[in-house]
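Here is the structure we will look at.
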Amino acid sequence: MWFTWMPIMALELEEALKEYLAKQQNVQGAHAPMYVARPDIIIVAEDTKKVVDEWLLVAIELKYFRDLENARKFERILRGAFREIGQPLRYYLYGFDSTILWYIFEESADKEVLRSYGNLISEVIEKLKFPIVLFLTKIVGEDNFLVFKPSELSSPSNLGYLIQWMLNYCRDYVRNTLLPHDKEIKERRRTLKIAFKVP
């Protein structure tokens, strides 16, 4: 398994997708976008289930919450994040296998507020059947996270454990509903793999 933090491959990804979409525009009259949405983190790992091929491509939309002391400002920030809940869905059009919405709160965040907010976001995802994985975490100490969603843990987890949990959750529960059947999405996925230099 390996993963990369964007923007290391952001420009390669964006250029590869723009080139592919521009070719499709000429062939099928498709629209090549002015900009391509970029995940904050991309994880490429072996897919033991081989749903599409031997790779699991996971896009993570990261939301970091700080400045929690001012209650009114914090409430505005949470409302803004709530309005952006569907952002990870756009990565499915590029051929990613799974998308994760990862909320990271500073250590000072109130646990009850996080539980309440996490329940609200989870309800939207579940009732609307969005194929999104929600990870809601709070920084604890220097290298650990307290996890509230998808399941609350009583003790902190390190980044390695969290990434493995994310991958397992994606493999087992949340997949791109367009794959492997949609030929257009499979073609875009091939473009992703070229940008990531995976076979």
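For this structure, a couple of remarks:
- Over 26 Å between alpha carbons, listed pairs LYS138/LYS197; LYS50/LYS138; LYS127/LYS149; LYS129/LYS186; LYS63/LYS111; LYS149/LYS193: LYS138/LYS197; LYS50/LYS138; LYS149/LYS193
- Whole-percent pair-distance distribution, where bins are 10 Å wide, for the alpha carbons of segment 39-178: 11, 43, 34, 10, 1
- Trypsin sites (Lys or Arg not before Pro) lying in DSSP loop within segment 105-199, provided at most 14 other Cβ fall within 10 Å: LYS129, LYS197
- Under the combined filter of DSSP loop state and at most 15 neighbouring Cβ atoms within 10 Å, segment 87-139 retains these GluC sites (Glu not before Pro): GLU106, GLU107.
Taken together, the values in this text are just the output of simple stated rules run on the coordinates, not laboratory data. It should be emphasised that the depicted structure is a prediction, and the values quoted were computed from it without experimental measurement. In this analysis, Cβ positions are derived from the backbone assuming ideal geometry, glycine residues included, and neighbour counts consider all displayed protein chains.
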